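Participant: Just passing along the structure, written as structure tokens.
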Amino acid sequence: MQSSGTGPNGLKPGGGDQGGMGLREAMRTSGAERTFTEEPVPDEVLARVLDDARFAPSGANAQPWTVIVLRDPEIRRGVRELSVLGWREYRAQVKAGLRPFAPGPDGRWHGPGIDLAEAAATPQPMTFIDSLDRAPVLLVLCARLTALAVADVDLDRQSIVGGGSVYPFAQNVLLAARAEGLGGVLTTFLVRREPAAAKLLAIPADHAIAGVIALGYPQRRATRLTRRPVEEFARLDTFDGPAFPGPASRGTTL
């Protein structure tokens, strides 16, 4: 008989299945960690992270991801140098008051609004990116394009659906890392230099770079994450419908 306080699978909603960190705690404390100690991450820990993350959902269970674990110092430096260029383009748009690479109201991108070549040549100091190659764990996440069911491919707006078969895996990596006492962050700056990165990493033409995940033991962990409350993003029946009340509005706490 199922014990009191457990869900239909016999697990406590906020607790771990084997005495480890609960799913709720992991989700609510997995902020973007960009500063790590110099302590190396053992291979067996990374293996467990990837072993847990592989259970992420994907369209038709295609599991289109490939993870490149970067160890070679020269390759790591190359990834860092290419990522720095993408970061400079991103930061220059932020400084210009723009949302970097964001589509317009019509769902289409109409250009960066800045000189990208000039931006890439202009230093924009950022400790994390400038030292990316020194992250204890550096993973390049690739996606096999021919395995993606891109249902919005012919819509007159920016396509987003294909990522639904890739980024749940990335989030699983971060959650699994959190459960192991690690911190991490997903970045996409390398994508801005995908042709050069693909050559550096021997990525075949039918694959794309989805991002870079840095992991390590955090120097300090965020104790409070700021996120929008449920009432700000959940609506009933239609996009402009009434707010769906979250726990606070119902007088309940987690």
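The values are calculated or read from the model by the stated rules, or taken from the named source; none is laboratory data. Predicted model only: the values in this text are computed from it and were never measured. So basically every Cβ, Gly included, is an ideal-geometry build from the backbone, and we count neighbours across all protein chains shown.
Participant: Residues being closer than 13 Å to VAL137 by Cβ and polar (S, T, N, Q): count how many of those fall in the range 34-54.
Facilitator: 1
Participant: Right, here's the next one. Identify all residues within the range 135-155 that are within 25 Å of GLU81 (Cα to Cα) and of a type outside the set (A, V, I, L, M, F, W, C); write none if there are none. Break it down stepwise before answering.
Facilitator: To start, the set of residues in the range 135-155 that are within 25 Å of GLU81 (Cα to Cα) comprises 135-144.
PRO136, ARG144 - these are the residues of the range 135-155 that are within 25 Å of GLU81 (Cα to Cα) and of a type outside the set (A, V, I, L, M, F, W, C).
Participant: What are the pairs with Cβ atoms under 7 angstrom where one residue, in the range 145-172, is at negative phi and the other, located anywhere, is in a helix (DSSP H, G or I) and of a type in the set (A, V, I, L, M, F, W, C)? Sequence gap at least six, or different chains.
Facilitator: Matching pairs, first to second residue: ALA149/ALA60; VAL150/VAL161; ALA151/VAL161; ASP152/VAL161; PHE169/ALA53; ASN172/ALA53.
Participant: Are any of the residues in the range 179-187 assigned to a strand (DSSP E or B), among the polar types (S, T, N, Q) and crowded, with 19+ Cβ neighbours inside 10 Å?
Facilitator: The initial filter retains those residues of the range 179-187 that are assigned to a strand (DSSP E or B), namely 183-187.
Those still in the list that are among the polar types (S, T, N, Q) too: 187.
Retained after the next criterion (residues that are crowded, with 19+ Cβ neighbours inside 10 Å): 187.
Yes, there is a match, as at least one residue in the range 179-187 is assigned to a strand (DSSP E or B), among the polar types (S, T, N, Q) and crowded, with 19+ Cβ neighbours inside 10 Å.
Participant: Next question. Look through the range 28-55, keep the residues that are among the basic types (Lys, Arg) and in a helix (DSSP H, G or I), and return whichever of them is nearest to the chain's Cα centre (by Cα). Before you say what the answer is, go through the steps one by one.
Facilitator: Step one: list which residues in the range 28-55 are among the basic types (Lys, Arg), which gives 28, 34, 48, 54.
Imposing the further condition that a residue be in a helix (DSSP H, G or I) reduces the set to 28, 48.
On the way: ARG28: 15, ARG48: 18 Å.
Restricting to residues being among the basic types (Lys, Arg) and in a helix (DSSP H, G or I), the top hit is ARG28.
Participant: Here is a list: VAL153, VAL191. Which entry is in contact with a helix residue (DSSP H, G or I) (Cβ under 9 Å, 6 or more places away or on another chain) and assigned to a loop (DSSP other than H, G, I, E, B)? Outline the logic, then answer.
Facilitator: Details: VAL191 fails: assigned to a loop (DSSP other than H, G, I, E, B).
Sole residue among the options that is in contact with a helix residue (DSSP H, G or I) (Cβ under 9 Å, 6 or more places away or on another chain) and assigned to a loop (DSSP other than H, G, I, E, B): VAL153.
Participant: Would the range 96-108 turn up any residue that is in the same structural domain as LEU190 (by TED's automatic domain parsing), touching a residue at least 40 places away in the same chain (Cβ under 8 Å), surrounded by 11 or more Cβ atoms within 10 Å (Cβ to Cβ) and part of a helix (DSSP H, G or I)? Step through it out loud before you land on a result.
Facilitator: Looking only at the range 96-108, we keep the residues that are in the same structural domain as LEU190 (by TED's automatic domain parsing), and these are 96-108.
Those left that are additionally touching a residue at least 40 places away in the same chain (Cβ under 8 Å): 103, 106-108.
Of the ones still in play, those that are also surrounded by 11 or more Cβ atoms within 10 Å (Cβ to Cβ) are 103, 107.
Cutting the leftovers down to part of a helix (DSSP H, G or I) gives us none.
There is no residue in the range 96-108 that is in the same structural domain as LEU190 (by TED's automatic domain parsing), touching a residue at least 40 places away in the same chain (Cβ under 8 Å), surrounded by 11 or more Cβ atoms within 10 Å (Cβ to Cβ) and part of a helix (DSSP H, G or I).
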